[in-house]
Amino acid sequence: MTRSFNHVDTWVFDLDNTLYPASCRLFDQIDVKMGEFVSRALGLTYAEAKLRQKQLYYKHGTTLRGLMQEHDMQPEGFLDYVHGIDYSPVKADANLAKAIKALPGRKLVYTNGTVAHATNVMNNLGITNLFDGIFDIIHADYIPKPARAPYDVFLKHHKVDALKAAFFEDIAQNLMVPHAMGMITVLVTSDDNQDAAHLNVASEDNFIDHATDNLPQFLHAFQNH
């Protein structure tokens, strides 16, 4: 049964490959920077570092968490380096801005990235002033989605009633906890999002209420019903 958005008063959006399309290839830049950082930090060739980086990412949820857990890495240098990218591929999206502005209630970003990274992306999209807050990996004590603990911190920090919230995300497994908490879940898909394809699981129907490959169109569609 499709769940209605009629009762939702808090709209929670992941950032990367969710608020902007994966076709921007912005995260490809971050991916390269992560490989470079791991190569230098662990004394590996770039090819070896990319293999190690992906192992850490798939095991721990983020490369950073893996480096912290398995290599006792401090987070600040990593975060500064990997977000030193060119944000110009992310273009202003008036259609997205209009759809988000029309949503009733609060709008929040919950990202495994940083506030600075999120702000750069949102500035380019032209949606920064439409949001009421950003919850990032630092607020989460560097514990990434899909672990349960940071979601609890997020709800408390922003005083969110999970039963009146909707969560938009490009990685299916990151919607398992929001669904269990009672949120409406929306998976944002793209053929350009290879990491999400690797992580997505077979039992998606159990915890994904809606799916779309066009976020602005999806937001406009249910608002017009």
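The values are calculated or read from the model by the stated rules, or taken from the named source; none is laboratory data. Note that the coordinates shown come from a computational prediction; the quantities given were computed from them, not determined experimentally. Here the Cβ positions follow ideal geometry from the backbone for every residue, glycine too, while neighbour counts run over all protein chains shown. In case anyone asks, the SASA skips ligands and DNA or RNA and just uses the protein heavy atoms, side chains included. Shrake-Rupley method; radii C 1.70, N 1.55, O 1.52, S 1.80 Å.
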Over the range 25-105, give the accessible area per residue in Å² for a 1.4 Å probe, as an integer. 52 Å²
What's the whole-number percent of alpha carbon pairs in the chain lying beyond 24 angstrom? 41 percent
Share of accessible surface on carbon and sulfur in the chain, whole %, 1.4 Å probe and ligands ignored, is 51 percent
Compute the relative contact order of the chain as a whole-number percentage, counting only Cα pairs closer than 8 Å that sit 6 or more residues apart in sequence. 25 percent
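Using +1 on the beta carbon of Lys and Arg, -1 on that of Asp and Glu, and nothing else charged, what's the dipole of the range 1-79 about the Cα centre, debye to 20?
Dipole of the range 1-79, to the nearest 20 debye: 220 debye.
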Residue order for 16, 86 - accessible surface, 1.4 angstrom probe, largest first: 86, 16
Leaving ligands, DNA and RNA out of it, rank 60, 157 by accessible area with a 1.4 Å probe, largest first. 157, 60
Can you give me the distance in nm between label points at residue 42 and residue 92, each placed 7 Å from the Cα along the Cα-to-Cβ direction? 4.2 nm
